[in-house]
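A short write-up of the structure that comes next.
Taken together, the values in this text are just the output of simple stated rules run on the coordinates, not laboratory data. Owing to the predicted nature of the structure, the values given are computational and were not obtained by experimental measurement. So basically every Cβ, Gly included, is an ideal-geometry build from the backbone, and we count neighbours across all protein chains shown.
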Amino acid sequence: MNDMMSPAATAERTSPAAYSPGLEGVIAAESAICQVDEGAAGLRYRGYAIGDLAEHSSFEEVAFLLLYGHLPSRGELDTFSTQLSRESGLPDGVRRFIDSLPPNAHLMDVLRTGISWLGLVDSDADDGSRDANLRKAVRLLAQIPSLIADSYRTMTGDKPAPSPNGGFAEHLLHLVGTAARQEATDAMVQALNASLILYAEHELNASTFAARVTASTMTDLHGAITAAVAALKGPLHGGANEAVAAMLAEIGRPERAEAWLREALAHKRRVMGFGHRVLRQGDARSDIIRRHAERLSRLCGDHTWYDIASTLERIMLEEKGLRPNLDFYTAVAYRLMGIPQALSTPLFVCSRITGWCAHVIEQQDHNRLIRPRAIYRGPTPRPYEPLDRRG
Ligand code: COA
């Protein structure tokens, strides 16, 4: 179709006026999955306000909602939860891959390769139908926590932990967190459950867009998810939560926070966990996870990270007019749960896999190849020089 366009139409579509660096403000899809709502709700998944979901739902309910389009009945939820437990084992080939990991591998790279491996041996590998994609999505949701926990434990030399019988968040906390007294553990499970819900979906963020672009060639779901994982790793996107954890560790004490930040701003450093391409007036998800982080600080009797974070938040608003995004207080909450810094972004994958898969399926339901244009700014036309005449 593009090849047939008139020169005038081509010029119009590639004119500098239509160009938006970073695709800022560009509408690139129609979607029924997530609405970035400028009103009080902040964000809705399939019509439901994020605050209601984070307060009242389990992550499994939200995962089901994103994948199947409605909140599950009790029977549907039970079946879904059983499926997740049943599918959480890893195939032998993937176990051998984990055993061969170099000790310092980045876990996002492990996930990228591990998910690709899972695609090779998936029982629906040759089936790209909608039903098969839903089955693959549920399997990935179940397998990714095992892939992360087993890889981390293999690289650090710990033995794989046996799984408890609780829900998804409890299972995950058991795999990657540290033990605490019961009241704090309950609060940690609630905080991790909320964090998984908040991370599950966010419209056309960079990794979801990468997944949709890949899926638009009608390639397989694991391929699209592999592309998404690679995009999520970057510090301007999902890698920010790991970068925030590193920043909090670098600051170390609340008394140092103000001086550290003023120095960073003086050197024009980007402060991780602040700002957002779309949410210029603040991120409603940040308030929700901040409340969990504050509660965990109280229950754990450790206010260090929360106090550092509050100081950074105050000064960033005063000096730059920037507010925290979801990654900022998530890093505080994860620290209090004893989640190692290296697992921060992989945990994001445990959750966002639902949004990615929902988008891949939606893209392929109404597919049109995603193929934008670029404005050419290279050398003007020049004659070809044979090799022996080049200087
Ligand atoms: N720290 C310091 N300054 C920041 C900043 C941050 N985290 N985020 C934005 N700014 C500043 C920029 O330097 C720029 O200032 P200038 O106009 O004086 O040059 C201005 O705010 C606009 O930033 P811009 O880079 O155009 O915004 P963007 O839409 O391209 O960037 C992010 C959005 C998310 C990439 C950016 O805010 C960022 O890098 N944040 C930190 C990483 C992060 O937390 N990512 C997770 C996002 S959910």
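Each part gets one Cα centre, and for the stretch 232-303 versus the stretch 27-66 those centres are 24 Å apart. Would you kindly work out the equivalent ellipsoid of the chain from its C-alpha gyration tensor and give its semi-axes, the square roots of five times the eigenvalues, largest first in whole Å? Each semi-axis is the square root of five times an eigenvalue, giving 35, 28, 22 Å. Mind putting together the pair-distance distribution for the stretch 12-75? All Cα pairs, 10 Å bins, whole percent per bin, short to long. Result returned by the calculation: 18, 37, 22, 15, 7, 1. Bridging of Lys233 to aspartates and glutamates at a Cα separation below 14 Å is possible for Asp109, Glu242, Asp327, once same-chain residues fewer than 8 apart are set aside. The local environment of Pro383, defined by Cβ-Cβ distances under 13 Å, has a net charge of +2 under the rule Lys, Arg +1 and Asp, Glu -1.
Computed from the Kirkwood radius of its Cα pairs, the Stokes-Einstein diffusion coefficient for the stretch 144-262 at 10 °C and 1.306 mPa s stands at 93 µm²/s.
In the stretch 166-208, the convex hull through the Cα atoms has an average projected area of 3.5 nm², a quarter of its surface area.
Across the stretch 225-348, the fraction of Cα-Cα pairs farther apart than 24 Å, rounded to a whole number, is 22%.
Across Gly42, Gly22, Gly378, mean-square fluctuation computed from a Gaussian network of the chain (C-alpha pairs under 10 Å connected) peaks at Gly378.
Scaling against 2.2 N^0.38 Å puts the C-alpha radius of gyration of the stretch 284-325 at 1.21. Translational diffusion coefficient of the stretch 21-148 (Stokes-Einstein, Kirkwood radius from Cα pairs, 37 °C, 0.692 mPa s): 192 µm²/s. Using only Cα coordinates, the Kirkwood hydrodynamic radius of the stretch 62-221 works out to 17.2 Å.
By the rule of a C-alpha distance below 14 Å, with chain neighbours fewer than 8 residues away ignored, the aspartates and glutamates paired with Lys268 are Glu319. Derived scalar couplings between HN and Hα for the stretch 86-93 equal 5, 8, 7, x, 9, x, 4, x Hz in order, rounded to whole Hz, by the Karplus curve 6.51 cos²θ - 1.76 cosθ + 1.60 (θ = phi - 60°), x for Gly and Pro.
Computed across the stretch 205-258, the Kirkwood hydrodynamic radius from all distinct Cα-Cα pairs reaches 12.7 Å. Peptide packing: for 209-222, 113-126, the average count of neighbouring Cβ atoms within 10 Å per residue gives the ranking 209-222, 113-126, highest mean first. Based on the convex hull around the alpha carbon atoms, the stretch 223-292 presents an average projected area of 6.4 nm².
Electrostatic tally near Ala231: other residues with Cβ closer than 12 Å to its Cβ, Lys and Arg +1, Asp and Glu -1, net +4. Which translational diffusion coefficient, to the nearest whole µm²/s, is obtained for the stretch 303-391 from the Stokes-Einstein equation, given a Kirkwood hydrodynamic radius over C-alpha pairs, 25 °C and 0.890 mPa s? Roughly 130 µm²/s, to the nearest whole number.
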